[in-house]
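Below: the structure, in structure tokens.
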Amino acid sequence: MKYLTSEGFEKLSDELEKRKRDLRQKIAISIKEAKEQGDLSENAEYAEAKRQQRENESRIIFLENVVRTSKVIGKKKSNGHVDVGSEILVECNGKKMTFYIVGSNEADPSQGKISNESPIGQAFLGRQKGDVVEVILPNKKKNIYKILEVN
């Protein structure tokens, strides 16, 4: 099961709508204008517009699937355990960090959004304030985190 926060669901739904409504129309106009230039066999503008169309349609199919099959995790009262949608404050090597546990489609480690399917995300799931969590990263490095807060 793939998970999305309500914010992530809204963001992907907006992207899907813009691609279907705006970008499709823009690409169709580009294709029409390129066709009017004549010979399509050596028409770089036509080839580029068709490439953009393929990419857009592929992304639309992907987004439709994600929106249709993902479970939306709304704001819920914390039971004190880390779950998808939790915001956690942790300490590692004397440094405090905030992580947001999100579904894999929303993960953005540079923003502290950690996928529930990642090694770190999996290690935190089900844990609670005060727990010490040992995580072995893909590069075989071991990090030890202490959970300071779960929201």
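Each value in this text was obtained by applying a stated rule to the coordinates, not by laboratory testing. Computed from a prediction, not measured in an experiment: that's the story for all the values here. FYI the Cβ positions are ideal-geometry reconstructions off the backbone, even for glycines, and counts take in every protein chain you see.
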Over region 87-150, with a single point scatterer placed on each C-alpha, what log10 of the ratio I(q)/I(0) does the Debye formula yield at q = 0.13, 0.15, 0.19, 0.21 1/Å?
-0.30, -0.40, -0.66, -0.81
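Please give the peptides 130-141, 85-96, 114-125 ranked by average Cβ packing (other Cβ atoms within 10 Å per residue), highest first, as a rough proxy for protection. Working shown, then result.
Numbers: 130-141: 10.9, 85-96: 15.0, 114-125: 18.8.
My ranking of the peptides, most packed first, is 114-125, 85-96, 130-141.
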Could you calculate the FRET efficiency of Ala28 with Arg68 from 1/(1 + (r/R0)^6), where r is the beta carbon distance between them and R0 is 22 Å, rounded to 0.05?
0.35
Pop the C-beta distance of Glu10 and Glu117 into the FRET formula with R0 = 22 Å and round what comes out to the nearest 0.05.
0.55
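To the nearest 20 debye, what is the magnitude of the charge dipole of region 60-139 about its Cα centre, counting +1 on the Cβ of each Lys and Arg and -1 on the Cβ of each Asp and Glu? Each step should come with its number before you reach the end.
Working: 10 positive and 9 negative charges, 63 e Å.
Roughly 300 debye for region 60-139.
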Taking Lys and Arg as +1 and Asp and Glu as -1, residues besides Ala49 with C-beta under 14 Å from its C-beta add up to +1
From the residues Gly112, Leu89, Asn43, which one has its Cα farthest along the dipole of the chain in the positive direction, the dipole being from +1 and -1 charges on Cβ of Lys/Arg and Asp/Glu about the Cα centre?
Leu89
Collect residues whose amide H, placed 1.01 Å from N in the peptide plane, falls under 5 Å from the amide H of Val84; neighbours closer than 5 in sequence don't count.
none
Using the Karplus curve 6.51 cos²θ - 1.76 cosθ + 1.60 with θ = phi - 60°, what ³J(HN,Hα) values do you get for each residue of region 84-98, in whole Hz, with x for Gly and Pro?
4, x, 6, 10, 10, 9, 10, 10, 9, 6, x, 10, 8, 9, 10
Dipole magnitude of the chain, debye to nearest 20 (Cβ charges: Lys/Arg +1, Asp/Glu -1, about Cα centre):
580
